[in-house]
Every structure is written in C-alpha cells, then in structure tokens.
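One structure is given below, encoded as structure tokens.
Derivation of every value follows stated rules applied to the coordinates shown; laboratory data play no part. Here the structure is a predicted model, which means the values were calculated and not measured. Positions of Cβ are generated from backbone atoms using ideal geometry, with glycine treated the same way; all protein chains shown enter the neighbour counts.
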Amino acid sequence: LHKPCKKLPASPPKLPILGNLHQLSALTHRSLQSLGRKYGPLMLLHFGSRPVIIVQSADAATEIMKTNDLIFADKPGTRTTRRLFYDMKDISVAPYGEYWRKLKSVCILQLLSSKRVQSFNFIREDETAVLVKKIKSHCQSGSPVNLSELFTSLTNDVICRAAFGRKYSDGEDGKKFLMLLTELLQLLGSVSIGEFIRCLSWINRVNGFDNRVDKVAKDVDAFLEMVIQEHLNEGLISCCAADQDESRENFVDILLNIYKDNDTGVSIDKDSIKAIILDVYAAGTESTPTVLEWAMTELLQHPSVMKKLQTEVREIVKDKQDITENDLEKMLYLKAVIKETLRFHTPVPLLAPRVARKDVKIMGYDISAGTMVITNAWAIGRDPVSWDEPEKFEPDRFVNSSIDFKGLDFELIPFGAGRRGCPGIAFAMATIEFVLANLVQKFDWKLPDKGKELDMKERQELLFI
Ligand code: HEM
C-alpha cells in the first residue's frame, strides 16, 4: 500500500548540507520577504536538515496563532536557551504545559496586569524627568543628543526599578549586570549552525561559543542570587514593610511571596524566579527603546507628522507642566503614530519560533509534527494585500481604524498573538506613550547636520555562527 503523498508548501531550491541557510542574509526578515514574494506566504525552507515553515501573511498567521494555536504553543529549545534560562524555567522558552501556564498566569495577573503597570507610574515619571533634564542640559550647551543611548538607559532603569525595586545603573555591580545582559542578548540573537547541521554540532565547543554561554549564565546567576538575597535579607524586607505600600511592590518581592506560599501543584523555585526576572528583563529592554528610536526618526523625517503630533499633545496638556495618564488617553494621534511605527519598523521582526506538536493541515498543506514555524511579523506589516502603500510611513491610516496590535488583527502582530503572545504590551505602551508625548511637548526637534541623510539602516536580526 502506498502512503498518500503529502502536500507541502512551495520551497526554494536547497543545497545538500546547508539547506536554504545560504539564502538568508543578516537581515533575515528581508531575505525571507523576498523569497516569500516568489514562493508564497507559506513556504517551506530547510535550515540545514531541519524543515522550517515561514509564515508571511495575515491569513497564514491566523491559522498558526488562532486556529491552531494550541498545536503551535511549543518553542524549540536550544542549548543556549536551556543554559541561559535555567533549563527553560522561564516564560518565553518554557515548553507548553502546566508549569508554563502557571508562570504565564503569574505574569499576566500579577507582574504585568494593568493595575500593576499603573502602580509603576511614579517610576516612569521619575525616569522621564531624568531624560528631560539630560536633554535640556544638551540644549543649553548646544550639543546634539544621542537619543538611542538615552532611550536605552531610560528603559533599563524603568525595568530595573519595576523588577528589583532599585536602579543598578550607578553602582559597579549594576554596570557589570548591564554588560552581562548585553552579552546575553547577543548570544540569544546568535543562531548556532550546529543546532541545524548535526555534523557541525561540535563547532560551538571549539569556537568558544559554548564557553561564553556558560560564563554569562554563571555570572548572571551570581548577580540574581545576590539580588534575591538582598530582598530576602531582613533589612530590605522591613524597609519595604515600613511604608507597607503594597502598590509599590516590585517583581522580585511579588515572586518571592509566591515562592514562600507555594500552595498550588506546580512549584516555583528560586531558579524559576531568576529565570522569570531574566526573561522580563531580556524581553523588555531591547524592544521598547527600538520603538522610541524609530518613532523619533520617522517624526524627524516627516515634519508634518511631527507638527500634527505636537499640536495634539500641546493642546491637550495646555499650560500644565506634567502630562497625566488621563491626557494620554485623549491623544489619539499619538497612538496612531506609535501603531504606524510598530507596523513599519516591527521591533521583533521574526516572532520566536514555534514547533508543531502534532501533524496538522495549514492552508491545505500538510505540516508534520516537529516542524518549526517562524512568523515574519515585519513582512506581514508591509504586505500589500493588507495595507495600502505599505512602504509609506503614514500614521493617518490608523485614525478612525479599529486595527490594533493586541493579537486579534493579524495584519498587525508586533507583539505576536495567541497563548504565547507578549504579556508586556501594557507595560511597554505605558512607557512609549509617556516618553514620546513628553519629548514632543517639551522640545522642538531638528537633525544636527543639515543636509546630511539620517542613517535608516536596520541592525542585523539573527547571526548564524
Ligand atoms: C515594544 C515592546 C515589546 C515588543 C514589540 C514585544 C514583542 C514580543 C513578541 C513578538 C513576543 C513573542 C510573541 C509570540 O511568539 O507570539 C513577546 C513575548 C514576550 N514578551 Fe514582549 N514585547 C515587548 C515588550 C515587553 C515587555 C516590556 C515585557 C515585560 C516587562 C515583555 C515580556 C514578554 C514575555 C515574558 C514574553 C514571553 C511570552 C510567552 O512565551 O508566553 N515584552 N514579546
């Protein structure tokens, strides 16, 4: 008896050992977009010997993250993620199951709920005031400001204070931790060829990559252990108790409380706490400044958009000094500018890979269990099937439109969607809206070098090593 033939998505021709890896440039989302134009919105590539489905349209993404979300709720672990995230005890790489469900609900209900995000309002206000002060001092001395650096340090400080209850950017320990995190993010962005080409699996042992991963994992662990000890330490607990202000709890305190009265079936141990903190830190610190940076870049390139936004913000704030959350609610054009930035410069262009947990049909094609799926959220945001003039930065497209980025409209999925979607949307948006509104309200902007083109190049997405 013949097995019925499987119907597979179209594939570009591949090489014997590499598969299609040679067709991917450092800006992987762009290479995939151009391949997709030829092979369709659902195509099959091979990374070495591993089959990978690439999803590049809203319809195809709906089938993965809505219709079959449960089947694609797993992530493929790598040696690097296992080593860095305490054997995948975090939220973003933990396999789908009871443990992950518990963690995700802690994250959604306790760490990143709208109430909690609101409780961090004072942190955003403090840190934005620091940012504004730094910019003012540049204005006085007439020197240009490096917004990329300022956005990165603001985001780090906001997340640090929310996570640990204090900033670490000043002391030596903190500086070391920030350097470690930069290295950790670099390692996570590096895809080891050895993961896909079995005969090359030795390569990372020889080129020092595995050793780097082990060293970062060890050093990060030592730092997080110190932080947890600090929080467990009587001094800090009684000092927190002194103002008994539950609304000012930070992530470590909340997680330690859950750890102490671990009553449910799934246990959250100290490694889980460290992994969650690391996860939130890694997930939150790169993307937020990227959005701010692109938003300001596009505003500087489009003076009429800048003017319209400034008018809205200044009219709503009037002659008050401070912008309130209530003001932000009314700033509809601000929200449109941010949505357009997320569409046009999707900060996480390729959503984290998922794995099919069983055989499934997607758009009429047969996808086997174990196949990896990568969704190109960036290409979907620029798909002419979903968007008019997708290559144009045009915030007005979102004025009077109900399309949102919360994971229900699949033509705009900068935060992913479904069970594995981003739980940090409210946290990220609160920072982005507040900072951007303050920058356009308090300053008039221009580029430092007249006539010199702004560098619009993207940084590399994945590094295959
Ligand atoms: C503009 C800022 C942000 C963007 C664009 C973003 C984007 C994403 C994306 C694309 C995913 C994967 C979704 C999927 O695979 O379907 C994700 C997951 C995640 N994000 Fe965010 N994120 C941002 C900010 C944050 C912040 C501020 C936090 C926490 C404070 C956070 C925490 C997480 C976590 C824990 C996950 C893993 C969820 C899971 O696997 O269940 N993110 N994010």
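Look at (1) away from the ligand (no atom under 16 Å from the Cβ); (2) touching a Ser or Thr at 6+ places or on another chain (Cβ under 6 Å) and you find that residue 182 fails only one, number (2). Annotation: of all residues in the range 24-45 being over 14 Å from residue 374 (Cβ atoms) and of a type in the set (S, T, N, Q), the one that is surrounded by the fewest Cβ atoms within 10 Å (Cβ to Cβ) is 34.
Of all residues in the range 87-143, which are under 12 Å from residue 276 (Cβ atoms) and more than 24 Å from the chain's Cα centre (by Cα)? Of everything in the range 87-143, nothing turns out to be under 12 Å from residue 276 (Cβ atoms) and more than 24 Å from the chain's Cα centre (by Cα). Scanning the range 104-151 for residues that are assigned to a helix (DSSP H, G or I) and either in contact with a strand residue (DSSP E or B) (Cβ under 9 Å, 6 or more places away or on another chain) or farther than 27 Å from residue 417 by Cβ (or both) yields a total of 24. Would you point out the residue of the range 349-375, among those that are within 11 Å of the ligand (Cβ to nearest atom) and either among the charged types (D, E, K, R) or touching a Ser or Thr at 6+ places or on another chain (Cβ under 6 Å) (or both), that is farthest from residue 7 (Cα to Cα)? Restricting to residues being within 11 Å of the ligand (Cβ to nearest atom) and either among the charged types (D, E, K, R) or touching a Ser or Thr at 6+ places or on another chain (Cβ under 6 Å) (or both), the top hit is 351.
Among the residues of the range 408-433, write down those that are more than 28 Å from residue 131 (Cβ to Cβ) and small (Gly, Ala, Ser). Hits for the range 408-433 are 416, 417, 418, 421.
The rows are residues; the columns are (1) without any contact (Cβ under 8 Å) to a residue 60 or more places away in the chain; (2) farther than 25 Å from residue 381 by Cβ; (3) surrounded by 21 or more Cβ atoms within 10 Å (Cβ to Cβ).
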| position | (1), (2), (3) |
| --- | --- |
| 47 | no, no, yes |
| 67 | yes, no, no |
| 73 | no, no, no |
| 79 | no, yes, no |
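Whether a residue is surrounded by 20 or more Cβ atoms within 10 Å (Cβ to Cβ), touching a residue at least 40 places away in the same chain (Cβ under 8 Å), within 11 Å of the ligand (Cβ to nearest atom) and aromatic (Phe, Trp, Tyr) was assessed, and residue 405 passes this test. Take residue 93 and decide whether it is touching a helix residue (DSSP H, G or I) at 6+ places or on another chain (Cβ under 8 Å), among the β-branched types (Val, Ile, Thr) and either surrounded by 15 or more Cβ atoms within 10 Å (Cβ to Cβ) or not in a loop (DSSP other than H, G, I, E, B) (or both). Yes, satisfied. When restricted to residues that are surrounded by 13 or more Cβ atoms within 10 Å (Cβ to Cβ), without any contact (Cβ under 8 Å) to a residue 60 or more places away in the chain and not in a helix (DSSP H, G or I), the range 188-234 contains 1.
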